[in-house]
Structure formats: C-alpha cells, structure tokens
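*Asks:* Have a look at the structure that comes next, please.
The values are calculated or read from the model by the stated rules, or taken from the named source; none is laboratory data. As the structure is a computational prediction, the values presented were derived from the model and not from experiment. No Cβ is skipped: glycine too gets one built from the backbone with ideal geometry, and neighbour counts run over all protein chains shown. Calculation scope for accessible area: heavy atoms of the full protein, side chains included, ligands and nucleic acids excluded. Shrake-Rupley method; radii C 1.70, N 1.55, O 1.52, S 1.80 Å.
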Amino acid sequence: MEPPQDTSENPNDVLSDDDSSPENTNPDDQEIPSTTLDPPISDTQDESSDPVPDEQPQNTNSNPTEPGPPARKRRRRKRFFTELIANPSFSKNRRPRISGLAREMDTEALIAISVGFPVDSLTEEEIEANVVSRIGGQEQANYIVVRNHILARWRSNVSVWLTREHALESIRAEHKNLVNAAYNFLLEHGYINFGFAPAVKEAKLKSFDGVERANVVIVGAGLSGLVAARQLVSMGFKVVILEGRTRPGGRVKTRKMKGDGVVAAADLGGSVLTGINGNPLGVLARQMGLPLHKVRDICPLYLPDGKAVDADVDSRIEVSFNKLLDRVCKLRHSMIEEVKSVDVPLGTALEAFRSVYKVAEDSQESMLLNWHLANLEYANASLMANLSMAYWDQDDPYEMGGDHCFIPGGNERFVRALAEDLPIFYGRTVQSIRYGIDGVRVYAGGQEFCGDMALCTVPLGVLKKGSIEFVPELPQRKKDAIQRLGFGLLNKVAMLFSYNFWGGEIDTFGHLTEDPSMRGEFFLFYSYSSVSGGPLLVALVAGDAAIKFELMSPVESVKRVLNILRGIFHPKGIVVPDPVQAVCTRWGKDRFTYGSYSHVAIGSSGDDYDILAESVGDGRVFFAGEATNKQYPATMHGAFLSGMREAANMLRVARRRSLVLSDKVNNDLEKCDTLDKLFENPDLTFGSFSALFDPHSNDVGSHALIRVKFHGDKLTSSHLCLYGLITKKQAIQLSEMNGDGNRMNSLYRDFGVKLVGGKGLSNVAELLISRIKAAKPINASDKG
C-alpha cells in the first residue's frame with residue numbers, strides 16, 4: 001500500500017496497492033469528452049500501452065507557492081503495537097528490534113536482518129532445505145555467520161554474479177560444506193544473483209546446475225508471476241505465462257499522460273517502495289541505475305474551507321489517536337490471553353474508547369480524527385468496520401526498514417525489464433485449472449496448456465469471486481482462508497496539469513471533510529512532480545468513499561477534486577487550472593483484480609496468508625502473490641518475494657520427483673533384467689515366442705507368461721521384448737500354429753491379449769513372476 005507515506009515510518013504498504021485497471025470491464029472504460037472540462041478524463045488505465053520514456057524526468061516546479069500550513073511530520077500507522085502481544089502466532093519467526101542489538105551486531109548480520117533473516121535461528125525454509133545436520137549448536141551458529149557473509153558480499157555489489165568460488169575465498173576451508181549449503185540456499189531462494197545487471201542476466205540464460213526440468217504453466221503476469229518465471233528459467237524449467245490483460249504488471253500499472261506540451265508517468269497501481277533496506281526492488285533500482293526519491297515526511301492538512309489546520313489542535317488529536325490505538329492494544333492483549341479466538345472490528349474498539357475518553361468532540365477535532373482513520377483505511381484497503389482488532393497489523397515485525405521512495409518514470413520500468421524475453425500469452429483469461437498425478441491442464445481462451453506444474457498468481461479478489469474453476473476443488477482449508485482474508489479497495493485520480501501550482505517543497509498534503517462516511521474521499525494528495533517527468537498530482541480515495549467512487553462518473557469525480565484544490569489554493573491567490581488530462585481508477589470493477597490489496601479481516605489472522613500459499617495436488621498447483629505473503633502482504637516487494645519463494649518450492653518438488661523417477665527407472669531396469677534371466681530357460685519356445693508356466697499348477701487353465709521378441713534394423717537396440725498373460729492351454733495352442741504372423745493374429749483376435757513392456761504388466765502377471773522367481777532363483781552374480 002503505497003504509503004501515504006506521509007509519513008509512514010513504517011507503513012505496510014504498497015503493493016500495488018491499489019490497482020485499478022478495469023481494463024476490459026465495460027464499454028464505458030474509455031476516455032470520455034467532458035462538456036465542462038476540456039481535458040480528457042478516463043476511468044481506466046489500460047487503454048494505452050504506450051511505453052513510458054526511460055529518460056530522467058525533469059523537475060517542473062514552476063510557480064512554487066507559499067508553504068501554507070505549518071509543516072510537520074505525520075506518522076502513518078499501519079502497524080502499531082504487536083510488541084505487547086504474547087500470542088505465539090505473532091512471535092513466530094519474529095525479528096528482534098535492531099535498536100537493542102546494533103552495538104553487538106556486525107554489518108553482515110544487520111544486512112541479513114534487513115532481508116528478513118532471524119538473528120540467531122534458521123528460517124523455516126532453511127530447516128526444510130536441511131542446511132545443517134541438526135538444529136541448534138555450533139554448526140548452526142557457523143552456518144548463520146557464513147550465510148550472512150555470502151549475502152552481504154553480493155549485496156555490496158549487485159552488479160556481479162557471485163560464484164561459489166568467490167564465496168569460498170574468505171571462509172576457512174573447513175567450512176566448505178557450510179558454504180555450499182548457504183550458497184545453494186541463497187541462490188535457489190533468490191536472495192543473491194537476481195535482477196538485471198548484465199553479468200547476472202548472462203549467467204541466468206542457462207540452468208545454473210545444467211539440469212533441464214519440468215514444464216510450468218504460470219497464471220498471471222504480475223510481479224510474482226514474472227519473478228517466478230525468470231527464476232524458474234534459470235533453474236532449467238520450461239515456462240509459459242498466461243495473462244488475461246493485454247499487458248504485463250497486473251496491479252502495477254504506469255500510465256503515460258500527456259497534453260499541452262507536458263508529459264508524466266503516473267503509477268495507477270503500486271507506486272511506493274515501502275522501506276528500501278533489504279527490499280529486492282531497491283536492488284533492481286540499483287542495477288538499473290535509477291535514482292530513488294525519498295518521500296518527504298511533511299504532510300500539511302487543510303480544513304474543508306481551505307484553511308490550514310491549527311497546529312496545536314493537529315498535534316493534540318494525533319497524540320490522542322495514538323493513545324486510542326495504545327488502549328486497543330492493551331485490550332486485545334488481555335482478550336487474547338483470557339478468551340482465545342475472540343475478535344471484534346478495530347473500528348468498533350476505537351470508537352468505544354473514543355466515546356469513553358471523550359476524544360475529538362468538537363467539529364475540527366472530529367474531522368482530524370476521521371482523517372487519521374481514513375489514513376488507516378488507506379493503509380489496509382479496508383473499512384475500519386472490517387479490520388480484525390486482533391491481527392490487523394500482524395505483519396509489523398517484518399517491515400522493511402529505511403526510506404519510502406518513488407521510482408523515477410514509474411514502476412512499470414521494473415515490469416518491462418522483468419517481462420523481457422519471457423513467453424507471455426496475452427489475452428488468455430484462465431477459466432479452469434485441472435490437476436492430478438499426471439500433471440496439470442490449464443484452459444484459457446479455448447486453448448489447453450499442459451504442464452507438470454502450475455503456478456497461480458491471480459489476486460485474492462479473483463479467487464474470492466470464483467472466476468477460476470479448480471478440478472478437483474481446492475481443499476476446504478484453503479477455500480476457508482480465501483473467504484476469511486480481506487481484499488479491499490483503494491482508488492486514485494491522477495491529474496496532469498500544465499504547471500505545478502502546489503509547490504515543490506512537499507510530496508503529500510491532506511484534506512479534511514465534514515462527512516465521516518466520506519472521510520476517505522480525496523483525503524490525501526501525492527505530488528509526483530519530482531519523479532514523473534511533469535506536474536502530476538494524484539488524489540487517493542479510501543474506505544467507504546472508494547466504493548462509492550466507482551459509482552460516480554469520472555467527470556464528476558474530477559470536478560470534486562478540483563473544487564477541493566481550488567478551495568485550498570484560491571484564497572492564497574493561486575489559480576488552479578483544469579488538468580490537461582485526468583484518469584480515474586476502478587480497481588473494484590476490474591475483472592482481473594476485483595479490488596486492490598489484502599488485509600486481515602475479522603475472524604482471520606496471519607496464518608491465512610500461509611494457508612493461501614500452500615500448494616495443492618501433491619505439488620502440482622502452487623500459489624504466489626501479495627496475499628500469500630504473511631510477512632509482507634499488500635506490498636510490491638511482498639509479491640516479488642512470493643514469486644521467488646514458489647520458484648524454490650517448485651524446484652524442491654521437481655527434485656523430489658526426479659529422485660522417485662530415478663528409483664522407478666532403476667526398478668524397471670532391474671525388472672527387465674530379471675525377466676531376461678527367467679526367459680533364458682523357458683518352459684516352451686516356438687518361433688519368436690517363449691512361455692513360462694506357473695510352477696505351482698499343472699492345470700492347463702493356469703496362467704502363463706509369454707514373451708515375443710522382435711528384431712529389426714530400426715530398433716534402437718538389437719531387439720524388443722513384449723509380454724502378455726495367457727493360459728497354459730493358449731500357449732500350447734500358439735505353439736501348434738504355423739508362423740509368427742498367425743500366432744500374433746490369434747493372440748489379438750482370438751485371445752484378446754495386448755502385449756506390453758515389462759513395466760506395463762498387470763498385478764496378476766507380477767504375482768506369477770514372483771512365483772517363477774521363487775521356483776527358479778536367480779543368483780546375485782547373474783544379475784551383474
């Protein structure tokens with residue numbers, strides 16, 4: 001959720017957060033002429049596939065204005081108080097706060113922590129990968145040091161491909177096994193050697209271990225699908241991506257806007273990198289040479305009449321709001337300890353405390369409090385009435401540290417680079433995914449795509465809608481998690497102006513409203529002038545207002561935004577022109593998303609993200625996307641990391657199947673060798689036929705195993721043997737016939753027997769072979 005960043009010292013943020021592309025949703029999703037506004041106004045972002053220019057955007061701060069209201073930092077509270085909770089589900093794999101450890105930790109450990117590794121324990125993935133012989137002890141401690149060193153070494157120079165030999169250079173030879181374990185884990189799970197640096201791209205053109213693996217069908221070309229595809233290709237898999245839209249990126253969409261000599265790149269979906277420390281998207285930006293623009297913390301607020309909010313009142317209400325959250329935290333702590341599995345809406349709890357403690361009772365204070373609530377609804381893409389009081393901020397312990405940043409030119413630059421050279425079939429809306437022991441079949445647009453495995457990366461909203469049929473049905477456990485988790489809405493109005501009238505000193509400013517039910521309507525404005533290439537302003541619509549927004553015409557929506565802006569700036573003598581172009585998003589109506597990003601709804605918990613991530617069909621269908629990432633839900637980097645996670649999971653399953661197949665091949669070879677030995681002394685031989693009788697019966701109706709040996713120049717070996725199960729009497733009848741041709745005709749026509757290879761024999765035939773082996777033992781030396 002792109003942080004309102006206002007502030008957010010830590011917002012969860014962003015995922016693509018809000019993606020609004022109703023592309024292909026209805027005929028009205030076209031730019032429409034306005035009878036009162038000259039600029040083109042659109043309620044879709046997908047009608048244009050124009051590439052966004054790569055050139056560095058220019059700062060266009062013409063006509064800077066006076067500072068306005070007192071500038072102050074505004075903390076956006078996405079996650080707030082999990083440290084008070086003792087519930088195990090909150091502490092699982094939790095990362096200690098750096099502040100108490102900084103003096104004792106070296107740089108490499110801090111880098112590992114920023115990426116998401118625990119300080120002194122292994123992740124669940126490392127345990128599953130058997131990186132050490134036993135959990136705990138000195139070997140594990142040494143492994144962690146080695147792992148941190150390799151990770152830090154590559155992160156210090158992400159332009160190179162870190163080889164195993166380079167990793168070994170500065171580590172004692174006695175720890176070579178630990179280096180191999182750590183290097184393999186980090187490489188296969190996408191912690192090192194990923195991205196777009198020339199050296200990395202060149203190395204990833206071929207399988208990193210030289211092994212060719214299974215075929216994978218990926219559903220969805222969003223961040224998680226693209227990342228998984230690139231990683232799978234480097235692991236030797238063959239992939240194909242099916243995408244319903246006519247573009248890649250999913251909920252990450254950058255729209256090129258232009259008119260009257262100005263141009264800008266507007267992120268209509270995921271827009272902010274929320275925390276740059278350890279963020280894989282930050283690595284991509286470094287490799288691509290993209291300068292990051294820190295979103296400044298200053299966020300002035302304006303009243304409905306355009307006047308600046310009184311600084312003292314502003315401070316007092318912000319403190320009161322934070323105290324309300326503190327009190328809710330203490331309440332839920334006691335409730336979770338005393339009454340297990342209890343949950344109520346976060347909004348209900350906050351309102352109860354507000355009423356008891358008489359917070360924000362006058363008009364201005366009430367509007368200010370509602371602004372903070374709108375900010376919270378924006379962070380979660382949800383109404384306060386739908387958020388779980390117990391677990392709404394369960395991802396707090398895992399937040400990425402560092403600044404929140406914009407990418408110059410928009411996040412589509414990442415998407416284009418990720419999609420390069422991948423086999424993506426656009427306009428393929430998937431209707432059905434069928435899976436079983438023989439693989440998967442994915443049906444899209446009247447076509448069937450077959451593979452060994454499938455990766456489903458569609459948004460949670462699509463799963464909730466039931467747009468894709470799964471055969472067999474998904475397990476009830478997964479279906480329940482899909483229903484419990486929340487998937488809400490955030491919309492945007494992107495406006496390109498002929499000049500920047502709001503000034504270049506700030507990146508955000510807010511607006512208060514008198515109607516509590518519409519508190520999220522254009523409550524926060526983002527200035528993208530510093531990174532978009534032109535004077536671009538984006539207004540956010542959150543909470544209940546985001547739902548009502550989709551029922552309003554785009555022309556009316558832009559009018560309402562302009563009224564707000566003119567109410568703020570006209571009293572200062574600043575003219576607010578009509579925009580040269582405007583776009584309104586409609587993520588709720590988009591049939592490829594049905595919403596913006598996930599949240600923990602009442603009755604849900606972080607565990608539901610993990611359940612959604614579980615594969616089904618014994619490793620046939622896998623799931624990725626922000627709503628499958630418990631640590632980083634509703635973020636672009638959460639989607640990215642989930643794609644890496646599932647690529648590693650698919651590699652693990654493919655290796656397991658390879659071992660099983662290898663055992664099966666060995667067993668088949670052993671069986672063929674056994675049959676060859678048994679038929680060295682057949683009970684009956686005639687032409688190309690041989691027969692073995694049941695040693696435990698003299699009955700002519702007892703079973704007999706026949707072998708037919710075929711010879712030919714076109715056979716890869718000197719001969720081919722096929723087998724069949726008949727009776728002793730039938731074998732004698734065949735021996736009395738003239739010529740193998742007549743025997744074959746009789747075998748098929750009269751006896752109805754179909755010859756098969758040695759591994760295709762029935763259970764009855766296998767039992768007969770066991771009896772013959774017992775009666776005619778084969779020496780081990782004979783088997784070679």
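*Asks:* Among (1) part of a helix (DSSP H, G or I); (2) open to solvent by 20 Å² or more (accessible area, probe 1.4 Å), where does residue 343 come up short?
*Replies:* Checking residue 343 against (1) part of a helix (DSSP H, G or I); (2) open to solvent by 20 Å² or more (accessible area, probe 1.4 Å), the one that fails is (1).
*Asks:* Could I ask something else about it? Residue 403 - would you say it is at pLDDT below 95, out of contact with any Gly (no Cβ under 7 Å at 6 or more places or on another chain), open to solvent by less than 10 Å² (accessible area, probe 1.4 Å) and not hydrophobic (A, V, I, L, M, F, W, C)?
*Replies:* Working: at pLDDT below 95: yes; out of contact with any Gly (no Cβ under 7 Å at 6 or more places or on another chain): yes; open to solvent by less than 10 Å² (accessible area, probe 1.4 Å): no; not hydrophobic (A, V, I, L, M, F, W, C): yes.
For residue 403, the condition - at pLDDT below 95, out of contact with any Gly (no Cβ under 7 Å at 6 or more places or on another chain), open to solvent by less than 10 Å² (accessible area, probe 1.4 Å) and not hydrophobic (A, V, I, L, M, F, W, C) - is not met.
*Asks:* In the range 262-312, which residues are part of a strand (DSSP E or B) and not small (Gly, Ala, Ser)? So that I can check it myself, show each step before the final result.
*Replies:* Filtering the range 262-312 down to residues part of a strand (DSSP E or B) leaves 262-267, 273-274, 277, 293-294, 298, 301-302, 308.
Within the range 262-312, 262, 263, 267, 273, 274, 277, 293, 294, 298, 301, 302 qualify.
*Asks:* When the residues of the range 630-650 are filtered to those that are among the polar types (S, T, N, Q) and over 15 Å from residue 229 (Cβ atoms), which remaining residue is surrounded by the most Cβ atoms within 10 Å (Cβ to Cβ)? Write out each step before concluding.
*Replies:* The initial filter retains those residues of the range 630-650 that are among the polar types (S, T, N, Q), namely 631, 635, 642, 649.
Filter once more, so that each one left must be over 15 Å from residue 229 (Cβ atoms): 631, 635.
Details: 631: 21, 635: 34.
Among those residues, the one meeting the criterion is 635.
*Asks:* Being more than 9 Å from the chain's Cα centre (by Cα) and among the hydroxyl-bearing types (Ser, Thr, Tyr) is the filter; apply it to the range 601-629 and report the residue that is most open to solvent (accessible area, probe 1.4 Å).
*Replies:* Checked the range 601-629; the qualifying residue most open to solvent (accessible area, probe 1.4 Å) is 615.
*Asks:* Please determine, by comparing only the residues of the range 99-121 that are among the aliphatic types (A, V, I, L, M) and over 13 Å from residue 145 (Cβ atoms), which one is modelled with the lowest pLDDT. Give the derivation first.
*Replies:* Of the range 99-121, the ones among the aliphatic types (A, V, I, L, M) are 101-102, 105, 109-113, 115, 119.
If we keep only those that are over 13 Å from residue 145 (Cβ atoms) too, we end up with 101-102, 110, 113, 115.
Working: 101: 37, 102: 44, 110: 91, 113: 92, 115: 94.
Across the range 99-121, the extreme among qualifying residues is 101.
*Asks:* Related question: Counting only residues that are modelled with pLDDT under 95 and either outside the structural domain of residue 309 (by the TED database) or assigned to a strand (DSSP E or B) (or both), how many does the range 489-545 have?
*Replies:* The total comes to 0.
*Asks:* Considering only helices (runs of 4 or more DSSP H) fully contained in the range 128-216, which possess at least 1 residues that are β-branched (Val, Ile, Thr) and exposed (fewer than 13 other Cβ atoms within 10 Å of the Cβ)?
*Replies:* Details: elements: 137-156, 164-168, 176-188, 198-203.
Passing ranges: none, list empty.
*Asks:* Looking at the range 237-250, is at least one residue over 30 Å from residue 433 (Cα atoms), charged (D, E, K, R) and in contact (Cβ under 8 Å) with a residue 40 or more places away in the chain? Working first, answer last.
*Replies:* Looking only at the range 237-250, we keep the residues that are over 30 Å from residue 433 (Cα atoms), and these are none.
No, every residue in the range 237-250 fails to be over 30 Å from residue 433 (Cα atoms), charged (D, E, K, R) and in contact (Cβ under 8 Å) with a residue 40 or more places away in the chain.
*Asks:* Only one of 326, 362, 343, 310 is acidic (Asp, Glu), in contact (Cβ under 8 Å) with a residue 60 or more places away in the chain and out of contact with any strand residue (DSSP E or B) (no Cβ under 7 Å at 6 or more places or on another chain); which?
*Replies:* Details: 362 fails: in contact (Cβ under 8 Å) with a residue 60 or more places away in the chain; 343 fails: out of contact with any strand residue (DSSP E or B) (no Cβ under 7 Å at 6 or more places or on another chain); 310 fails: in contact (Cβ under 8 Å) with a residue 60 or more places away in the chain.
Step by step, each of 326, 362, 343, 310 is checked, and only 326 is acidic (Asp, Glu), in contact (Cβ under 8 Å) with a residue 60 or more places away in the chain and out of contact with any strand residue (DSSP E or B) (no Cβ under 7 Å at 6 or more places or on another chain).
*Asks:* Step by step: first the residues of the range 492-508, then only those that are among the hydroxyl-bearing types (Ser, Thr, Tyr) and open to solvent by 10 Å² or more (accessible area, probe 1.4 Å), then the one that is farthest from residue 590 (Cα to Cα). Which residue is that?
*Replies:* Start the filter on the range 492-508 by keeping residues that are among the hydroxyl-bearing types (Ser, Thr, Tyr), which leaves 498-499, 508.
Checking which are open to solvent by 10 Å² or more (accessible area, probe 1.4 Å) leaves us with 498-499.
On the way: 498: 30, 499: 32 Å.
Restricting to residues being among the hydroxyl-bearing types (Ser, Thr, Tyr) and open to solvent by 10 Å² or more (accessible area, probe 1.4 Å), the top hit is 499.
*Asks:* Counting only residues that are charged (D, E, K, R) and not in a loop (DSSP other than H, G, I, E, B), which one in the range 437-461 is surrounded by the most Cβ atoms within 10 Å (Cβ to Cβ)? If you could, list the steps in order and put the result at the bottom.
*Replies:* The first filter runs over the range 437-461 and keeps only residues charged (D, E, K, R), leaving 438, 441, 448, 452.
Adding the requirement that they be not in a loop (DSSP other than H, G, I, E, B) leaves 441, 448.
Details: 441: 17, 448: 10.
Top of the filtered list is 441.
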